[in-house]
Amino acid sequence: MQSFEKYHPIMSVHYTMDWLTTFKIKDIFQLRADRQIAAESGREFDQKITDTARYINRSMRLVMSNNALLYGIKDRANGDFLGSFCIWNFSEKKTVAQVRFETLAERQGEGVMSEVLKRMLGFAFFELGVKRVYVILPATNERAAKLLAANVFTKVGDYHHDRTLPDGTKVPLARFELTADAVADNDAFHF
């Protein structure tokens, strides 16, 4: 497998995925400070912009050490930062990986992630050689579950852990998976 450093930018029809270091930190902080988005993604929210700066630095160290790929998503029409997409938690042989994605609250429901998801999964399967990807999210996150189902993911059951949402509610987690074989003949995923 090639060094992860070379894998940028990646383009879809309307969006460019590039390293977080190419975006304004205040825009990334807006995403990272949103408590609801953080809870749905399974991470802590950033309380200060310096938390976001540390996150970007850690992320780039993971990229440089071939342990993760983390991209910001840019709208090519206007240059706006829209969200992030991560391929990480690779298995030892890099055949299985976890995917995490986030879109700014005001851009959810616009189809951004549907286009980005297909492109990035095609990249993971057909360029990186990953055989299976998985997503873990709160079972109550219907928006993301519908997105995953529309993109051929299969719910494989509960993850046997809970996540506490910003309102204090504890919700179970669900795991969704997709294999390279499931999309091998689907042109929408080809990279």
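In table form, for the structure just shown:
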read-out	value
GluC sites (Glu not before Pro) within the stretch 110-156: DSSP coil, no more than 16 neighbouring Cβ in 10 Å	Glu110, Glu127
³J(HN,Hα), Karplus 6.51/-1.76/1.60, whole Hz, each residue of the stretch 117-125, x for Gly, Pro	4, 4, 5, 6, 5, x, 4, 4, 6
Qualifying lysines (Cα of each under 28 Å from Cα of Lys131; at least 8 residues distant if same chain)	Lys6, Lys74, Lys93, Lys94, Lys118, Lys146, Lys155
Spin-label model distance (nm) - Trp88 vs Lys48, 7 Å beyond Cα toward Cβ	2.1
Proximal charge balance of Ala180 [Cβ under 12 Å; K/R count +1, D/E count -1]	-2
Most mobile listed residue (Val133, Val99, Val156) in the chain, GNM with C-alpha springs under 10 Å	Val156
For the stretch 41-191, size of Cβ-based charge dipole, Lys and Arg +1, Asp and Glu -1, in debye	400
Potential extension, Asp18-Asn57 segment - 0.36 nm per residue separation minus Cα distance	12.6 nm
Extension gain (nm, one decimal) between Glu5 and Val96, 0.36 nm per residue minus Cα-Cα	30.8 nm
Counted charge near Lys48, where neighbours are those whose Cβ lies closer than 13 Å (Asp, Glu -1; Lys, Arg +1)	0
Viscosity 0.890 mPa s, 25 °C: Kirkwood-radius Stokes-Einstein D of the stretch 72-141 over Cα pairs, µm²/s	187
The stretch 109-191 - convex hull of the alpha-carbon atoms, volume per residue in Å³	96
Cα shape, the chain, gyration tensor, a/c 1.5 rule	rounded
Taking the chain and dividing mean pair separation by its residue count, relative contact order in percent (alpha carbons under 8 Å, at least six apart)	19
Gaussian network model of the chain, springs between alpha carbon atoms under 10 Å - residue of Asn67, Asn78, Asn141 with greatest fluctuation	Asn78
Separation between Cα centres of the stretch 1-47 and the stretch 83-143, rounded to whole Å	12
Fraction of accessible area attributable to carbon and sulfur, the chain (%, probe 1.4 Å)	48
Value in Å of the Kirkwood radius, where the stretch 143-190 supplies the Cα pairs that are averaged	12.5
Share antiparallel - DSSP beta bridges, the stretch 63-191, percent rounded to 5	90
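The values are calculated or read from the model by the stated rules, or taken from the named source; none is laboratory data. Quick caveat: nothing in here was measured; it's all calculated off a predicted structure. Cβ coordinates were reconstructed from backbone atoms using ideal geometry, including for glycine residues, and neighbour counts include every protein chain displayed. Ligands, DNA and RNA are stripped out before the accessible areas are found, and what is left, the full protein with its side chains, is counted by its heavy atoms. Shrake-Rupley method; radii C 1.70, N 1.55, O 1.52, S 1.80 Å.
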